[in-house]
Amino acid sequence: MTPSATQTLNHPGLGAGHDVDVREDATPVHAEDRPDAAWWRQAVIYQIYPRSWADHDGDGIGDLPGITSRLPHLRALGVDAIWLSPFYTSPQADAGYDVADYRDIDPIFGSLTDADDMIARAHELGLKVIVDMVPNHSSDEHEWFTAALAAGPGSAERERYMFREGRGEHGELPPNNWESVFGGAAWTRVTEADGKPGQWYLHIFDTKQPDFNWEHPEVRAEFESILRFWLDRGVDGFRVDVAHGLIKEQGLPDTEEERTTMLGHSEHEHGPEGVSEAAPVEEAPRIDHTKRSPMWDQDGVHEIYRAWRRILESYGTPDRILCAEAWVEPQERAVAYVRSDEMHQAFNFDFLTASWIADDLRAVITSSLHAADSVGAPSTWVLSNHDVVRHASRLGYAPGTPRMNGISATDPQPDRELGLRRARAATALMLALPGGAYLYQGEELGLPDSTDMPDEFRQDPTFARTDGAETGRDGCRVPIPWSSQGPSLGFGPGASTWLPQPDVYAEYAVDRQEGVEGSTLELYRSLLAARRELSLGTGSLTWVEGYAGDVVALTNGSSQRDRLLVVTNLGEDAVALPAGAEVVVASGPLEDGLVPTDTTVWARWS
Ligand code: GLC
Ligand code: MG
């Protein structure tokens, strides 16, 4: 099946006798962008998790030469750019988000020459390259941190990190009550040169990830220099890790939160317990937005990104970009990161976390577009990444089931078939929305999480730091199946992989799906081809009235072409398309011309 938007899926009886009386709202929710809008305002960016995409040297861990060799897959898929999770020198205590040298490549991934080759090959294929920047913390094996430990209390070296004296009579208590995002205390006490317990240092994440002191001019200068290092090597931008965490509230006051989550509110009562197919729809946890957590979203972060933007702009056009990983609520505060003199994009995590409930989807799409429009930014839609349960698994639970941090064999298992059906419908909805979008490796295959990984393989520090109470993120990080045969399903020449591939992964392999009509891979290719051909990323968005409340219906409009009608049916009954609607692509088969449950259809509607 050739991926082309002009291809029409012919269904006998389409339209015949099934017309429905629907109409567009009077006013669009979001106006059309300029046809010559910058690339990143409409780009689809594919996230590569280097450990798990393709292995060249056979050690069971993905690497840069592996990535370079597989890039044609992405050209054929039809994305605009790639974002790579960190490949820098690292002891891999948090899978590379613990960087020991920001200007070199970890030997497990290759060398700087391999990075240059990868960037050059991507550019040759018309793919832009975004790399990960991790400014909140380094590895404890970074030379600045080892120097800080050696230099002792009061030294200039310690000023570049967050060292403090402990509380209690002998400094035996941590400086405040903050807990690590990964569980346990956010402070670790060091042993000083005299062999005695001494100061404490802050780590919002793992013990091996000490937080930098971003009030220090040397830290700022160092990162500006690192940005230039990679820009000079030709990268097209940076995904900025924990962008909302760099500045901490003055005086490091105790937090009222029970546990430091990325959103600065407790998710304790929303763990995996009680999750089942029959789980009732629950209200989202209540967040008191007036009380901002002292470690997140402090106003001081913005001047850092304004300085970074100026550096990127000095590289001219086409734009080099910044994308914020900022788990910030409410949306009005989140879009502050994408004001015109700051970052270009910020992941829309409200969309990622929205339930599979029509009212919720409509609400989050409307509010996201309004919030982004208020600062002139595009919205950046996303459904999966290396930190969350893949949407093909997440959507295999009852709508409204609280979000889980990983799924283990003892948890209620997601319904794989239902999850995939909804995931395809969700992606088709996402890719019809104006703005940019991120895809996570393997979602184009409909991959589920590994949900039965034996605990001895788990590497996410969260698992150990919570004594297994939280399963952690390994389930979404399993190496990709490229072929249904072979020792590591085509991932590489080695027999084993750093995280084991579940048996079912063979069913999802690229070679099982390539050229197979109706496969998830071909669906993604068709969606991306149509999205590009119709310039959906720069279109307007208008809600469509007349369907029942459990149907999400909208048009993506443009002065250059017919409007595209998008219908996502979350209800039980199949629904009709209006007269004259001509199907362009559908996330699943229609039933006698009707859009069945958990299906999205794109149709030209003149
Ligand atoms: C971000 C990354 C995550 C990492 C954390 C600490 O959230 O996406 O994988 O563990 O930051 O760097
Ligand atoms: Mg390797």
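The values are calculated or read from the model by the stated rules, or taken from the named source; none is laboratory data. This structure is a prediction, so every number in the text was calculated from the model and none was measured. Cβ coordinates were reconstructed from backbone atoms using ideal geometry, including for glycine residues, and neighbour counts include every protein chain displayed.
Here's the yes/no breakdown for (1) among the β-branched types (Val, Ile, Thr); (2) in contact (Cβ under 8 Å) with a residue 60 or more places away in the chain; (3) within 29 Å of Gln513 (Cβ to Cβ); (4) in a loop (DSSP other than H, G, I, E, B):
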{"position": "His56", "(1), (2), (3), (4)": "no, yes, yes, yes"}
{"position": "Gly62", "(1), (2), (3), (4)": "no, yes, yes, yes"}
{"position": "Ser69", "(1), (2), (3), (4)": "no, no, yes, no"}
{"position": "Pro91", "(1), (2), (3), (4)": "no, yes, no, yes"}
{"position": "Asp94", "(1), (2), (3), (4)": "no, yes, no, yes"}
{"position": "Asp98", "(1), (2), (3), (4)": "no, yes, no, yes"}
{"position": "Pro107", "(1), (2), (3), (4)": "no, no, no, yes"}
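The rows are residues; the columns are (1) farther than 14 Å from Arg158 by Cβ; (2) surrounded by fewer than 17 Cβ atoms within 10 Å (Cβ to Cβ).
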position	(1), (2)
Glu192	no, yes
Gly198	no, no
Leu202	no, no
His216	no, yes
Val219	no, no
Phe223	yes, no
Trp230	yes, no
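Annotation note: Cβ proximity below 7 Å between a residue of the range 190-211 that is basic (Lys, Arg) and a residue that is away from ligand 1 (no atom under 12 Å from the Cβ) (sequence gap 6+ or interchain) occurs for Lys208/Pro91; Lys208/Asp140. For Leu149, the criteria (1) buried (at least 19 other Cβ atoms within 10 Å of the Cβ); (2) under 17 Å from Asp241 (Cβ atoms) hold in every case but one, which is (2).
Residue-level analysis places Gly183 outside the set of residues that are part of a loop (DSSP other than H, G, I, E, B), without any contact (Cβ under 8 Å) to a residue 60 or more places away in the chain, among the small types (Gly, Ala, Ser) and assigned by TED's automatic domain parsing to the domain that holds His203.
The residues of the range 470-496 that are among the aliphatic types (A, V, I, L, M) and modelled with pLDDT of 95 or more, listed by number, are Val478, Ile480, Leu489. When Arg228, Arg189 are screened for being at pLDDT 95 or above and in a helix (DSSP H, G or I), only Arg228 passes. Considering the range 62-117, and only residues there that are among the polar types (S, T, N, Q) and farther than 24 Å from Phe212 by Cα, the residue that is surrounded by the most Cβ atoms within 10 Å (Cβ to Cβ) turns out to be Thr68. Scanning the range 478-529 for residues that are part of a loop (DSSP other than H, G, I, E, B) and of a type outside the set (D, E, K, R) yields a total of 30.
For the range 549-602, name all the residues that are without any contact (Cβ under 8 Å) to a residue 60 or more places away in the chain and assigned to a loop (DSSP other than H, G, I, E, B). If the condition is that a residue be without any contact (Cβ under 8 Å) to a residue 60 or more places away in the chain and assigned to a loop (DSSP other than H, G, I, E, B), then Arg561, Asp562, Glu572, Asp573, Ala574, Pro596, Thr597 are the ones that fit. Which of the residues spanning the range 487-509 are aromatic (Phe, Trp, Tyr) and away from ligand 1 (no atom under 16 Å from the Cβ)? Hits for the range 487-509 are Phe491, Tyr505, Tyr508.
Residues satisfying the criterion are absent from the range 288-302 (criterion: under 17 Å from Val375 (Cβ atoms), at pLDDT 65 or above and basic (Lys, Arg)).
Residues of the range 29-54 that are part of a loop (DSSP other than H, G, I, E, B), surrounded by 19 or more Cβ atoms within 10 Å (Cβ to Cβ) and away from ligand 1 (no atom under 16 Å from the Cβ): Val29, Asp33, Gln42, Ala43, Ala54.
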